[in-house]
1. Place a label point 7 angstrom from the Cα of Q364 along the Cα-to-Cβ direction, then list the residues of the stretch 242-275 whose backbone nitrogen is under 20 Å away.
2. Who wins for biggest fluctuation among Q292, Q32, Q97 in a Gaussian network model of the chain, springs between alpha carbons below 10 Å?
3. So what is the relative contact order for the stretch 183-332, in percent, with contacts set as C-alpha pairs under 8 Å and at least six apart?
4. What area, in nm² and to one decimal, does the C-alpha convex hull of the stretch 10-99 cast on average over all directions?
5. Name the residue, out of P173, P213, P357, whose mean-square fluctuation peaks in a Gaussian network model built on the chain with Cα pairs under 10 Å.
6. Counting only the heavy atoms of the protein chains, how much of V283 is accessible to a 1.4 Å probe, in Å² to the nearest 10?
7. Can you run phi through the Karplus equation (6.51, -1.76, 1.60; θ = phi - 60°) for the stretch 236-246 and list ³J(HN,Hα) in whole Hz, with x for Gly and Pro?
8. Using the Karplus curve 6.51 cos²θ - 1.76 cosθ + 1.60 with θ = phi - 60°, what ³J(HN,Hα) values do you get for each residue of the stretch 255-265, in whole Hz, with x for Gly and Pro?
Amino acid sequence: MQYAEIMVRYGELSTKGKNRMRFINQLRRNIQHVLSCYPDISIRATRDRTHIYLNGTDYQLVAQDLTKIFGIQAFSPVYKVEKDLVVLKKAVQTIMQDLYHEGLTFKISTKRSDHSFELDSRDLNQLLGAAVFEVLPKIQAQMKTPDVNLKVEIRDDAAYLSHEEIKGAGGLPVGTSGRGMLMLSGGIDSPVAGYLALKRGVAIEAVHFASPPYTSPGALKKAQDLTRQLTKFGGNIQFIEVPFTEIQEEIKEKTPEAYLMTLTRRFMMRITDAIREARQGMVIINGESLGQVASQTLESMQAINAVTNTPVIRPVVTMDKLEIIELAQAIDTFDISIQPFEDCCTIFAPDRPKTNPKLKNVEQYEARLDVEGLVARAVAGIKVTEITPQIEQDQVTDLIDQLL
Ligand code: ATP
Ligand code: MG
């Protein structure tokens, strides 16, 4: 027997009162994005659950993708059969025979939304239960905690059977908590930060600073690949490439070594904030982790953060590096992150960055630069592309070209 549909149950949504439909519709759109590579699938969302009609698509593949989408509490694959007692009995027998092993306990839970059906749910439970005993005389019925709870639903168009429930990713549907700008390097931490923001429903746009020719096309592609990996949790993400070469050269020329990092970070923060404002984002998200490197002491964070009042979410700020790595491995970003392409910050990184930069000094050094002009030119030069969960055909061609 082949699964006909997948029934999706919502997570924390149930507590969301009158916003419920907004949440459900957002989740439907996210599922649509993530599953867009399966052309035959169709999706219908209702107040209580979302139905994904497979129309012949492989269940295992779809299930794998579904387990990643935030806002799904659990889902069940469902068989569809004709609303005929003989057919129903045969289906129930086949399913239970497939599942059977010695000592297995079961129960049948029927729900009848088509009230014109010839038997009511109690009679159906008895009839189908008896049909199971006919083929498996040693099986035991168990009402409280059966190993298998075979759910039978009589709807208007057909009967639907399911017995399996797969745990979803939990969290909130991406987009239901507003939008934030993720400062995405090619490193290990920022993709994990992005993942955690997505988990709580923040739709992210990925802001990546590139400094060609100091940084390679490989570094840019790495950031894009990381973004694509993040689309698996809730759908398409806008990737924003910021030209950062002029600023890095300017800073390098006019700033004492020890303050290069602080000034660079302040520019990144200002530019990200300007992009956020233009694109109606509400927060900035980054991958800073306390004490990990010189730019991530509390003193540094204070000096860098001083350029904006916008809330900055730092999802991995209190995590140990090993904890971040574990999560990066679990969400499949780690292997991309460790590809050896230089980031703009590594290239211009001073040997001994200041771990306790003084705001007074920072401001004095910045006075040597045309801060506004530099920021405005970088913002004017951004390139925005939409990243989708699957590689587009022209990208495949590019990849093949690169390999040849
Ligand atoms: P990551 O692993 O995310 O690169 P990191 O430990 O290397 O972090 P830093 O290099 O100090 O730390 O960067 C701190 C944060 O600044 C990053 O997590 C990221 O959010 C942001 N950032 C750094 N470089 C870039 C970049 N080229 N483009 C966008 N954001 C960046
Ligand atoms: Mg980094």
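The values are calculated or read from the model by the stated rules, or taken from the named source; none is laboratory data. Computed from a predicted model, the values in this text were never measured in an experiment. Note that we place each Cβ from the backbone using ideal geometry, even for glycine, and neighbour counts take in every protein chain shown. The area values use the complete protein model at the heavy-atom level, side chains included, leaving out ligands, DNA and RNA. Shrake-Rupley method; radii C 1.70, N 1.55, O 1.52, S 1.80 Å.
1. 251-267
2. Q97
3. Averaging sequence separation for qualifying contacts and normalising by length gives 30 percent for the stretch 183-332.
4. 7.1
5. P213
6. 20
7. Each residue's phi maps through the Karplus curve to give 3, 10, 6, 9, 10, 8, 10, x, 10, 4, 4 Hz.
8. Computed from phi, the couplings for the stretch 255-265 are 10, x, 2, 4, 9, 3, 4, 4, 5, 4, 5 Hz.
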